[in-house]
Every structure is written in structure tokens, then in C-alpha cells.
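What follows is one structure encoded as C-alpha cells, with my remarks underneath.
The values are calculated or read from the model by the stated rules, or taken from the named source; none is laboratory data. All values reported here derive from a predicted model rather than from experimental measurement. Neighbour counts are summed over all protein chains in view; Cβ atoms, including those assigned to glycine, are modelled from backbone coordinates with ideal geometry.
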Amino acid sequence: MKREHYLELLTSVDVMNALNGGRTEPVINVKKHDNFKEMRVKVPGIDPETIQIEVNNNTVSVYYVRSFTSFEKDLQLPHTVYNEPQPYFVDVTNIHAHVEGRELVVEFPFNHLASGYHKNIPTTEE
């Protein structure tokens, strides 16, 4: 590899370290309501309309994508803001989000198990 390519790679790595090292710190506020949990996400310098949300196997991921150029190739690199499995009492199929001002608001609705689960289990004798 030529020296110029090493320098370009090091510059790219340095940019990634700066961006992922705390310069763009997300602000996440969580508030519990009677029927849902609300998460407000604000990332300085990032349009909240571009923040993406995915549910995969009951794990909710909130992230945005940054574009970089390295070796004359465009790279799309995700930056994770939130990545947590959801408890049994969150109805992951009905999670929804909207933008309010400069914040992304994600609502996690509770299901019927949110008020607790009780079952009397008898023992059998042989």
C-alpha cells in the first residue's frame, strides 16, 4: 500500500474516532406514562428525520448513518444511539415515532402484562 493511502486511512480513522469519541453525544430522556414509555432523542448536528428505528427480535435499535469517503469510496457507517431488548410488557409491534422540533420521540406502548401477571399453579402429588 502506498504512503498516501496510509495517510488517507489514518485521517479517516481519526475522523471516526472524533465522531464516535463523544463529539456528537446524543441526549436521551425517558419518561414513563400510564400506558406507554416515551423516549426523546436529540443528537446535536443530526436532523431527527434521518434517525432510524428498527425492531429485531424484541431489541429496539435507534441509529443514524454518517457518510465518509475513504480511498475514493463512499462509506455509510451507522452510529448507534440506543440498542436495548424490550421487556415482556412492551408491545414491540406497536412502537411508533414522530418528530417534535429537534427531537425524535419514540413511544413504547405497554401491553396487558404491564400491570403484572398472576397465575396460581397447583402442585400435583403422585
Every residue from region 79-95 that is assigned to a strand (DSSP E or B), without any contact (Cβ under 8 Å) to a residue 40 or more places away in the chain and closer than 13 Å to VAL62 by Cβ: THR80, ASN83, GLU84
Does region 69-78 contain at least one residue that is farther than 17 Å from LEU104 by Cβ, assigned to a loop (DSSP other than H, G, I, E, B) and at pLDDT 90 or above? no
Residue that is modelled with the highest pLDDT, among those in region 79-109 that are of a type in the set (Ser, Thr, Tyr) and either surrounded by 15 or more Cβ atoms within 10 Å (Cβ to Cβ) or touching a Ser or Thr at 6+ places or on another chain (Cβ under 9 Å) (or both): TYR82
Region 22-47 residues that are at pLDDT below 95, paired with ones that are surrounded by fewer than 11 Cβ atoms within 10 Å (Cβ to Cβ) and in a loop (DSSP other than H, G, I, E, B) (beta carbon under 7 Å, 6 or more apart): THR24/PRO44; THR24/GLY45
